[in-house]
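A.B. asks: The structure follows.
The values are calculated or read from the model by the stated rules, or taken from the named source; none is laboratory data. Keep in mind it's a predicted model, so treat the numbers as computed, not measured. Every residue, glycine among them, receives a Cβ derived from its backbone with ideal geometry; neighbour counts consider all protein chains shown.
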Amino acid sequence: MSDQYVRFAFTAASFTILSLVFSIAPSYAALFYFEMDQGKGELSFTQSSLTGKGRETATLSELGNVHFNYLFNSPNNPTPDPNFIVYSYNSSSITSKLLNPVSFEFSSGDLVGIELTSHDSNSGTFFPGGLVTSKDYYIEGILTITGDSFEEKQSGSTEVHFVDGSTIVADNFIPSTVSSGKVSFTTVTPIAAIGVPEPQPLSILGSITLLGLGVGFLRKAK
């Protein structure tokens with residue numbers, strides 16, 4: 001075999017090896033965190049039609065390999081139950097009901113807004129003691145996130161039973177705002193990084209070793 005053919009084969013093999021190093025490496029996932037009073041959440045995905053340029057929007061269903069979750073514990077709690085009303089959503093385990101499709105707003109690859117409405121409810125009885133023998137309650141809550149703001153509304157009814165046998169019924173089925181505020185966003189990995197291959201140390205080491213063997217082979221062939 002002539003030197004020319006040996007060199008050609010070595011060059012082709014080296015190119016193939018280096019291509020494999022980058023092609024087998026995993027892609028980055030876009031990753032974002034968001035926080036609000038009494039709550040926080042996370043969004044990550046590896047596939048989308050987003051470019052990471054300018055203002056863009058996408059629904060949850062339009063994102064591929066997506067993981068989205070949030071947890072918001074209502075600060076308005078008239079009961080001893082620490083988990084009185086907890087709005088939560090997880091891609092693999094839905095707890096609270098979403099009342100509309102979730103969508104996200106991005107600016108230059110960063111998450112800057114969310115559109116969602118979440119519903120939860122709770123009911124039960126507790127026993128305060130003293131002149132009150134028991135309290136029965138049923139409360140419905142709706143959490144809305146619009147852009148970078150959130151608002152929680154509650155409605156429901158409460159029956160208070162006293163030791164003398166009397167009962168007071170407090171009905172409040174008109175939703176009233178019990179908490180509101182701003183949502184802050186943190187970008188860990190922006191959209192622009194999706195699909196950028198990350199060389200793996202072991203693959204690089206293996207490639208260098210193979211290249212070294214190839215150089216030795218060329219020297220021996222001369």
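A.B. asks: From the set of residues in the stretch 105-126 that are more than 21 Å from P175 (Cβ to Cβ) and small (G, A, S), which is nearest to the chain's Cα centre (by Cα)? Show your work before the answer.
C.D. replies: The first filter runs over the stretch 105-126 and keeps only residues more than 21 Å from P175 (Cβ to Cβ), leaving 105-113, 125-126.
Checking the rest, the ones that are also small (G, A, S) come to 107-109, 113.
On the way: S107: 17, S108: 19, G109: 15, G113: 13 Å.
This residue is G113.
A.B. asks: Among the residues of the stretch 20-40, are any at pLDDT below 90, in a strand (DSSP E or B) and exposed (fewer than 15 other Cβ atoms within 10 Å of the Cβ)?
C.D. replies: yes
A.B. asks: A further question follows. Tell me, please, whether a residue that is among the hydroxyl-bearing types (S, T, Y), within 17 Å of T79 (Cα to Cα) and in the same structural domain as G41 (by TED's automatic domain parsing) can be found in the stretch 135-142. Lay out the reasoning, then the answer.
C.D. replies: So the first thing to find is which residues in the stretch 135-142 are among the hydroxyl-bearing types (S, T, Y), and the list is 137-138.
Now drop any that are not within 17 Å of T79 (Cα to Cα), which leaves 137-138.
Imposing the further condition that a residue be in the same structural domain as G41 (by TED's automatic domain parsing) reduces the set to 137-138.
Yes, the stretch 135-142 has at least one match.
A.B. asks: Within the stretch 120-162, count every residue that is outside any strand (DSSP E or B) and either under 17 Å from D37 (Cβ atoms) or modelled with pLDDT of 90 or more (or both).
C.D. replies: The qualifying residues number 1.
A.B. asks: Anything in the stretch 164-183 that is exposed (fewer than 11 other Cβ atoms within 10 Å of the Cβ) and not in a strand (DSSP E or B)? List them, or say none.
C.D. replies: The answer is D164, G165, S166.
A.B. asks: In the stretch 50-111, which strands (runs of 3 or more DSSP E) lie fully inside it and hold 3 or more residues that are assigned by TED's automatic domain parsing to the domain that holds S176 and surrounded by 13 or more Cβ atoms within 10 Å (Cβ to Cβ)? Can you show your working first?
C.D. replies: On the way: elements: 55-59, 67-73, 86-90, 103-107.
Filter on the stretch 50-111 gives 67-73, 86-90, 103-107.
A.B. asks: Would you check which residues across the stretch 189-205 are aliphatic (A, V, I, L, M) and at pLDDT below 90 and list them? Give the derivation first.
C.D. replies: Initial filter on the stretch 189-205 (aliphatic (A, V, I, L, M)): 191-194, 196, 202, 204-205.
Passing the criteria: A192, A193, I194, V196, L202, I204, L205.
A.B. asks: On to the next question. With the structure loaded, tell me whether T186 is modelled with pLDDT of 90 or more, in the same structural domain as G54 (by TED's automatic domain parsing) and either under 22 Å from the mean Cα position of the chain (by Cα) or surrounded by 11 or more Cβ atoms within 10 Å (Cβ to Cβ) (or both) or whether it fails that test.
C.D. replies: When the stated conditions are applied, T186 passes them.
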